[in-house]
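What follows draws every value from the coordinates through simple rules; no lab data is involved. Because the structure is a prediction, the values reported are computed rather than measured. FYI the Cβ positions are ideal-geometry reconstructions off the backbone, even for glycines, and counts take in every protein chain you see.
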Amino acid sequence: MEKIFKLKENGTTVRTEILAGLTTFMTMAYIIALNPNLLTGFGAEGGPELWNAVFMATCLASAVGTIVMAFLANKPFAMAPGMGLNSFFAVVVANIVSITGMSYVASFQAALCIILIEGIVFLILSVLNVREKIVNAIPLGVRLGIAPAIGLMLLNIGLGSNAGVYSENGGPFYVMRDFFGALTPSMAQGSMGSGYTQMVLSVVTMFIGLFVIVILAQKGIHAAVLLGMLVSCIIYWAGEAVFMGTNPFASLATASFIPPVGDMVSTTLFKFNFSGFFQVGWFTAITLVITFCIIDMFDTIGTLVGTASRAGMVDDEGNMPQMKEALLSDAVGTVTGALTGTSTVTTFVESASGVASGGRTGLTALTTAILFLACTFIAPIAAIIPAPATSAALVYVGILMLSGLKKIDFEDMCQLVPVALMLISMPISSSIGHGIGLGMISYTVIKVFTGKAKEVSVLTYIISALFLIKFFLVV
């Protein structure tokens, strides 16, 4: 282990890395069930065979990409089908169905062509160091603001949709509105209905878990995040049994622990419908590929830079060693996802929870990857981890990442404005890439119209122009 992952050099131990890997997995285990739900309309489209196929593809592609990250880049980052990108993929599949009249499965296989092309493009760009040059073209001020902006996005996820709290309208940080605005008898007996008890249980569980994590972390316990999540799980399960009269483990009694390999082989494994894909038209096809590439590229870059900054893995100029290898891992994961049957695989922002638990090397990633492989057999167990437990970890990590704001020069408008825009746009759009895009555009505009156009690199101009095209011309 020492020879492969250089544990002593990175100031860590086998125990710390394994616990960090377990923590990362627990915070992102929801993707195992959520991804096939999103890509198949919660099982309504394509039948149980497609759901099972996407489930297997999610586990395998996540594991392969994360294993490559572990051994090639020696970084504690995990991979999985990216949130946002999977929802966009589902919309694309539905549009292909509408345009071509093909079945959902055939349209799904057509959409997989986009992911395959995207992955191959990224492999080539990574080998040629083009993606690394794009990372270096991001101005320092924008780079420094990525981690805090991701922190706010994690807070939004933890205090929003992931907590399972009722909301009629959704939106950033709505736990704060719906929970604290619902602590009245009239609200409890009104529109909230029977969901009121579950909402209170969810939020209380989340905050207790958060405080447990913070207290343990203050005492210097590396497994603070994992232990806090376990406490949250116990509280939530007990609350379900006592206050809601349900058995949180009931699903295990009828669950199947046999991996549905046959469904993947017959439905999505190496099943590319290129003829169906080009029925949408060449222009639309090319536009879709470019859109996926832009979003994925900057989501991955943002996650890597932001999480690495929090872990102290970057130099004074914000550069991360082995960035090329990390980006190559992402490309391999995406190609694997296309071959097996899922949407774009990207570096998961939840990796920050493992970093917060002390993970510093690829052993953390390897541990997470092994758990993903194990989930092809024990997915029902991973599925009973309650969302509030995950939320506690995400809120804590989000708070930690806000500390990156101290590196920002608040007197320099070329830093302050891009960072401010990223801070507000990432949680609202739920897209790291869109946040970076606004940051890049604002930086370029300020430099140009203050007589400092020569300080902006050619690649920065190109990236800013591409984002303008993306925002205004591509849906």
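Before moving on, here are some points about what is shown:
- Over the chain: helical MRE at 222 nm, DSSP H runs n ≥ 4 each giving -39500 (n - 2.57), nearest 500: -22000 deg cm²/dmol
- The chain, relative contact order [Cα under 8 Å, separation at least 6], %: 36
- Pairwise FRET efficiency - Asn136 versus Phe410, Cβ, R0 = 35 Å, nearest 0.05: 0.90
- At R0 = 51 Å, FRET efficiency that the Cβ-Cβ distance of Ala374 and Asn129 yields, to 0.05: 0.90
- Distance between the range 421-461 and the range 204-230 - C-alpha centres, whole angstrom: 36
- Only lysine pairs 8 or more places apart or on separate chains count here, and in the chain those with Cα atoms under 22 Å apart total 14.
- Checking every one of the GluC sites (Glu not before Pro) in the range 256-364 against DSSP loop status and a limit of 14 other Cβ atoms within 10 Å picks out Glu317.
- Gain upon complete extension [Ala255, Ser429; 0.36 nm per residue less C-alpha separation]: 59.1 nm
- Gyration tensor verdict on the range 405-473 (Cα atoms; rounded if a/c is under 1.5, prolate if a/b is larger than b/c, oblate otherwise): oblate
- Cα gyration tensor shape for the chain, rounded if a/c is under 1.5, else prolate or oblate: rounded
- For the range 405-473: relative contact order, % (alpha-carbon pairs under 8 angstrom, 6 or more apart): 25
- Qualifying chymotrypsin sites (Phe, Trp or Tyr not before Pro) in the range 352-432, where qualification requires a DSSP coil assignment and no more than 11 other C-beta atoms within 10 Å, comprise Phe410.
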